[in-house]
Amino acid sequence: KSTGKAGTLALEVMWTRCRVVVVGRSGGQRVYDVPERALPEVAAVEPVESFSRWGVRERVDAAGMLATASGPWWSMLKEARKDGTVEALVEEEVLLRVRMAGSRREWLVRPAALEARPAVDGRMRIIGPLDPLLWNRNLVRMALGFEYVWEVYKPAVQRRWGYYVTPLLHRGDLVGRVEARVSDGRLVVEQVWREHADFDEAAFSACLQRHASALGVDA
């Protein structure tokens, strides 16, 4: 069990690095143990590569384009950014360094990502504020021309949009944003910002219907 913020943080770091595993709960708290005791058959297997190499690859896959500059998108992988892991992956062409036109920033991508084309199914989607697509606000602004700040922690007087406003993704573009909430068994749209010349109202309506259905409420 952990006690205090320092203990909780230490356990979270160890859990992220697979140094400990969750084996149950007691009194609402997680109970941890070492893998050698909790999962001996798994712990005995020799890893095929280091955690750093695996973690960097996974992070790039999640983000699509990962900034080489320091930032929260590196979180538990800060050491890997400087210890030669990134350089080795680039040298092996597992990852590539790229730049966007008009920017001096460097990004890490998978080689296949440069040729990939997103599947377009016509659906509009509500993107959660912590979705990997939005990890790097500068990248979103440069690549998609969309400025987004999650304002849930800002005082009301400092908010430009609202308490819980989420972007709308449609056919590869961020086409607007919506503020909605569940009230009396219904999904209520409080505000919607249409930020694309061809904003598809039918796709937006279908998006709300699917979201309401997933929440078990009426639209």
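Points to keep in mind about this one:
- Amide H contacts of Glu106: Thr68, Ala69, each under 5 Å away and 5 or more positions distant or on a separate chain (H built 1.01 Å from N in the peptide plane; Pro and chain starts excluded).
- Integer Hz, Karplus 6.51/-1.76/1.60 couplings in order for segment 60-69, x for Gly and Pro: 5, 4, 5, 7, x, 10, 10, 5, 6, 5
- Scanning residues 5 or more positions from Gly176 or on other chains, those with amide H under 5 Å from its amide H are Leu168, Glu195, with H placed 1.01 Å from N in the peptide plane.
- Segment 183-219 and segment 103-135 have Cα centres lying 23 Å from one another.
- Subtracting the Cα-Cα distance of Ser50 and Arg141 from their residue separation scaled by 0.36 nm leaves 29.4 nm.
- Annotation: the chain has a Kirkwood hydrodynamic radius of 20.7 angstrom, from the mean reciprocal C-alpha pair distance.
- Neighbours of Ser50, meaning other residues whose beta-carbon lies under 13 angstrom from its beta-carbon, give a summed charge of -2 when Lys and Arg score +1 and Asp and Glu score -1.
- Taken one residue at a time, the phi angles of segment 43-50 give Karplus couplings (6.51, -1.76, 1.60, θ = phi - 60°) of 4, 6, 7, 6, x, 7, 7, 6 Hz. Gly and Pro are set to x.
- Protein heavy-atom surface of segment 66-219, 1.4 angstrom probe: 49% of the accessible area is carbon and sulfur, with nucleic acids and ligands not counted.
- Peptide packing for 96-109, 200-213, 160-173 was compared via the average number of neighbouring C-beta atoms within 10 Å per residue; ordered from the highest value, the list is 160-173, 200-213, 96-109.
- Within the chain, helix-based [θ] at 222 nm, where runs of 4 or more DSSP H residues each add -39,500 (n - 2.57), nearest 500: -8500 deg cm²/dmol
The values are calculated or read from the model by the stated rules, or taken from the named source; none is laboratory data. Note that this is a predicted model, so its numbers are computed, not measured. Quick reminder, even Gly has a Cβ in these numbers, built from the backbone with ideal geometry, and neighbours come from all protein chains shown. Quick note on the areas: whole protein, heavy atoms, side chains included, nothing else; ligands and nucleic acids left out. Shrake-Rupley method; radii C 1.70, N 1.55, O 1.52, S 1.80 Å.
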